[in-house]
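The values are calculated or read from the model by the stated rules, or taken from the named source; none is laboratory data. Just so it is clear, the structure is predicted and the values come from calculations on it, not from any experiment. Here Cβ is always computed from backbone atoms with ideal geometry, including for glycine, and neighbour counts include all displayed protein chains. When the accessible area is computed, the model is the full protein with side chains, heavy atoms only, and any ligands, DNA or RNA have been set aside. Shrake-Rupley method; radii C 1.70, N 1.55, O 1.52, S 1.80 Å.
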Amino acid sequence: PITSMKVLADSLLSQEGVPAELYREFLVDIAAEIERENKIINDLLALVKMDKKASALNITTVDINELLEMLLKRLRPLAAKRNIEIVFESFRPVSAEIDEVKFSLAFSNLVENAIKYNVDNGWIRVSLNADHKFFYVKIADSGVGIPEDCQDQIFERFYRVDKARSRETGGTGLGLSITRNAILMHKGAIKLYSKEGEGTTFTIRIPLNYVV
Ligand SMILES: Nc1ncnc2c1ncn2[C@@H]1O[C@H](COP(=O)(O)OP(=O)(O)OP(=O)(O)O)[C@@H](O)[C@H]1O
Ligand SMILES: [Mg+2]
């Protein structure tokens with residue numbers, strides 16, 4: 001983004017008598033790049049914070065059903081723009097000891113991806129279940145899928161499948177590494193099942209009780 005901003009600014013500065021509309025147009029682009037830069041910095045800060053050992057977790061007992069409902073409510077308008085339906089299914093009431101902020105970030109990143117890499121008029125199914133030890137969250141989408149040979153790299157920082165395609169959708173490739181870090185800090189696990197052109201399912205497993 002910094003490079004883009006510099007190029008945009010330089011090209012305006014190098015010309016004389018630039019019409020006001022062109023200034024406007026370039027400033028719109030510069031503003032968009034600033035926003036992108038801001039997101040990268042925030043994501044990196046989130047990652048750095050999570051590198052500081054598990055003692056940084058702020059554990060409280062949270063009603064997971066309520067939390068997921070609330071987070072999905074926030075994300076539905078984004079999905080509605082492309083007529084993507086989000087269905088939430090809960091098999092039982094779940095209450096667990098988690099860091100609400102970090103877990104929310106992990107979950108929201110997954111749903112944001114499920115929206116971003118979906119098709120218009122697609123669907124997303126979120127489900128919640130638990131046994132005596134863990135709770136399980138599944139996020140399935142009807143999107144473009146992830147090619148098998150990329151599935152191992154997907155959680156790496158800055159990794160994005162098909163840079164050209166994902167350039168239009170925006171993003172930096174930090175989302176999934178933040179998600180995985182947050183899940184691992186909870187001593188949980190995350191898995192992915194995906195088929196190109198059919199869709200992707202992420203499953204999360206987190207202990208109900210946090211043990212240091
Ligand atoms: N549900 C999904 N369906 C298809 N591809 C996905 C899905 N989730 C992630 N991907 C692929 O994995 C890549 C990495 O995802 P990640 O969330 O880390 O980064 P991003 O979405 O590109 O950017 P950011 O989340 O930082 O804004 C994405 O660029 C995309 O190619
Ligand atoms: Mg993402």
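If I filter the stretch 166-182 for residues that are more than 14 Å from the chain's Cα centre (by Cα) and near ligand 1 (Cβ under 7 Å from one of its atoms), do I get at least one hit? Scanning the stretch 166-182, I find no residue that is more than 14 Å from the chain's Cα centre (by Cα) and near ligand 1 (Cβ under 7 Å from one of its atoms), so the answer is no. Exactly one residue out of Leu110, Leu174, Leu128, Leu192 is open to solvent by less than 20 Å² (accessible area, probe 1.4 Å), within 14 Å of ligand 2 (Cβ to nearest atom) and at pLDDT 95 or above: that is Leu110.
Among the conditions (1) away from ligand 1 (no atom under 15 Å from the Cβ); (2) assigned to a helix (DSSP H, G or I); (3) out of contact with any Ser or Thr (no Cβ under 9 Å at 6 or more places or on another chain), the only one that Arg92 does not satisfy is (2). Counting just the residues of the stretch 68-99 that are among the hydrophobic types (A, V, I, L, M, F, W, C) and within 11 Å of Phe135 (Cβ to Cβ), which one comes out surrounded by the most Cβ atoms within 10 Å (Cβ to Cβ)? This residue is Ile98.
Counting only helices (runs of 4 or more DSSP H) that fall entirely inside the stretch 1-85 and contain at least 3 residues that are touching a Ser or Thr at 6+ places or on another chain (Cβ under 9 Å), the qualifying elements are 20-51, 64-80. Kindly establish whether Gly143 is in the same structural domain as Ile98 (by TED's automatic domain parsing), crowded, with 17+ Cβ neighbours inside 10 Å and near ligand 1 (Cβ under 7 Å from one of its atoms). Considered against the rule, which asks whether it is in the same structural domain as Ile98 (by TED's automatic domain parsing), crowded, with 17+ Cβ neighbours inside 10 Å and near ligand 1 (Cβ under 7 Å from one of its atoms), Gly143 comes out as yes. Only residues that are farther than 23 Å from Gly171 by Cβ and touching an Asp or Glu at 6+ places or on another chain (Cβ under 6 Å) were counted across the stretch 1-33, and they come to 0.
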